[in-house]
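Report on the following structure.
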Amino acid sequence: MPKKAFITGITGQDGSYLTELLLEKGYEVYGLIRRSSSFNTARLEHLYKDPHQVSRLHLEYGNLTDGTRLSELIRDIHPDEIYNLGTQSHVRVSFDEPVYSVTAGALGTLNVLEGIRRLDPMPKYYQASSSEMYGLVQEVPQSEKTPFHPRSPYGCAKVYSFWQTVNYREAYGMYACNGILFNHESPRRGETFVTRKITRAATKIKLGLQNKLYLGNLDAKRDWGFAGDYVKAMWLMLQQDEPDDFVIATGKTYSVREFLDEVFGYLDLDWQKYVEIDPRYFRPSEVELLLGDPAKAKQKLGWEAEVDLKDLAKMMVDSDMQIAQDEKAVADSRAARG
């Protein structure tokens with residue numbers, strides 16, 4: 001019998017890459033999706049071209065805030081592994097919607113853990129923790145032993161989820177792991193996140209479809225990796241003899257300015273001619289420097305990042321250039337029709 005996995009947040013960046021990985025490994029994959037009037041499964045659509053894969057992919061309606069529905073799904077599916085990736089994931093937005101962000105991010109985790117606790121045997125559990133938990137960093141680099149000091153509703157919700165995961169592991173003997181993932185990007189990153197916002201704008205500027213790019217803090221430094229690498233670490237955490245918590249990072253940090261250099265330089269553009277600062281994009285409390293220490297993951301999981309920042313920037317620009325070219329073709333066609 002193939003293993004079964006249940007993924008919350010399956011339609012997001014990480015969820016789509018993790019789904020690909022698990023299907024390649026022969027899993028039956030079940031995903032939680034929210035009911036809406038429009039489809040939000042674009043990141044999974046390519047999987048439907050493979051009949052063998054799509055026959056093992058099942059999407060179920062539900063919501064992290066609905067504990068009853070979650071418990072029913074977990075009981076009926078009774079998966080071998082659960083990956084809790086779902087939340088309101090935009091840090092800046094969490095300041096505007098703190099109650100929803102914490103309800104989905106913190107209490108949603110508790111709902112999943114409660115659903116697991118009632119099963120025998122209990123599924124293995126992966127909790128998507130975040131480098132945003134470090135916030136006002138207490139040391140550089142940040143490791144599994146670095147104290148947390150979150151500086152956003154999102155970060156606070158993640159700290160709650162981290163400790164609930166540890167609590168359920170210790171109280172009920174649950175195989176439960178926290179993956180403290182530092183920033184990870186890809187062509188599937190949402191367009192409101194700074195890296196994708198930059199690559200989308202740069203390609204449109206290159207083709208004359210956009211004139212300016214408005215950003216916030218250019219001095220913020222992040223440890224950026226490739227999402228496709230990071231989902232492998234998620235899976236590896238649930239294949240160990242004992243559950244544990246791991247920092248997943250590249251071990252290198254770059255500023256937003258340096259990412260701009262990579263992206264615009266690749267397109268032979270000078271970003272300083274096009275980028276303007278907009279105070280609206282500053283957070284009420286900023287996280288200035290994130291740099292992860294992935295030594296434990298390398299030693300115990302045999303994992304390390306494969307894609308560096310330069311290759312990541314190229315990957316994202318190449319993908320967004322295709323989108324921009326399609327948009328330009330449509331614009332040109334409309335202009336020709338008068």
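The values are calculated or read from the model by the stated rules, or taken from the named source; none is laboratory data. Source: prediction; values computed, not measured. We place every Cβ from the backbone using ideal geometry, glycine too, and count neighbours over all the protein chains shown. With ligands, DNA and RNA removed, areas are computed over all heavy atoms of the protein, side chains included. Shrake-Rupley method; radii C 1.70, N 1.55, O 1.52, S 1.80 Å.
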Could you check Ser101 against (1) touching a Phe, Trp or Tyr at 6+ places or on another chain (Cβ under 8 Å); (2) in a loop (DSSP other than H, G, I, E, B); (3) farther than 20 Å from Gly31 by Cα; (4) open to solvent by less than 50 Å² (accessible area, probe 1.4 Å) and say which number it fails? (2)
Given the options Tyr125, Tyr134, Tyr168, Tyr172, name the one that is surrounded by fewer than 21 Cβ atoms within 10 Å (Cβ to Cβ), more than 16 Å from the chain's Cα centre (by Cα) and more than 30 Å from Gln272 (Cβ to Cβ). Tyr172
Does Gly108 fit the bill of being in contact with a strand residue (DSSP E or B) (Cβ under 9 Å, 6 or more places away or on another chain), touching a residue at least 60 places away in the same chain (Cβ under 8 Å), assigned to a loop (DSSP other than H, G, I, E, B) and open to solvent by less than 30 Å² (accessible area, probe 1.4 Å)? no
Mind checking which residues of the range 40-77 are modelled with pLDDT under 95, over 27 Å from Ala157 (Cα atoms) and either touching a Gly at 6+ places or on another chain (Cβ under 7 Å) or open to solvent by 80 Å² or more (accessible area, probe 1.4 Å) (or both)? Glu45, Tyr48, Lys49, Pro51, His52
Members of the range 158-216 found to be among the charged types (D, E, K, R) and within 30 Å of Glu242 (Cβ to Cβ), listed by number: Lys158, Arg169, Glu170
I'd like to know if the range 236-254 contains one or more residues that are under 30 Å from Ala5 (Cα atoms), assigned to a helix (DSSP H, G or I) and in contact (Cβ under 8 Å) with a residue 24 or more places away in the chain. yes
Which condition breaks for Gly228 when tested against (1) within 15 Å of the chain's Cα centre (by Cα); (2) farther than 25 Å from Val159 by Cβ; (3) assigned to a loop (DSSP other than H, G, I, E, B)? (3)
Quick one: which helices (runs of 4 or more DSSP H) lie wholly within the range 1-94 and hold at least 2 residues that are touching an Asp or Glu at 6+ places or on another chain (Cβ under 8 Å) and acidic (Asp, Glu)? none
Pick from Ala202, Ala176, Ala157: which is in contact (Cβ under 8 Å) with a residue 40 or more places away in the chain and in contact with a strand residue (DSSP E or B) (Cβ under 7 Å, 6 or more places away or on another chain)? Ala176
Failed item in (1) over 19 Å from the mean Cα position of the chain (by Cα); (2) of a type outside the set (Val, Ile, Thr); (3) open to solvent by less than 30 Å² (accessible area, probe 1.4 Å); (4) within 30 Å of Arg169 (Cβ to Cβ), with Leu290 passing the rest: (1)
Restricting the search to the range 278-305, which residues are within 18 Å of Ile180 (Cα to Cα) and assigned to a loop (DSSP other than H, G, I, E, B)? Val287, Glu288, Leu290, Leu291, Asp293, Pro294, Gly302, Trp303, Glu304, Ala305
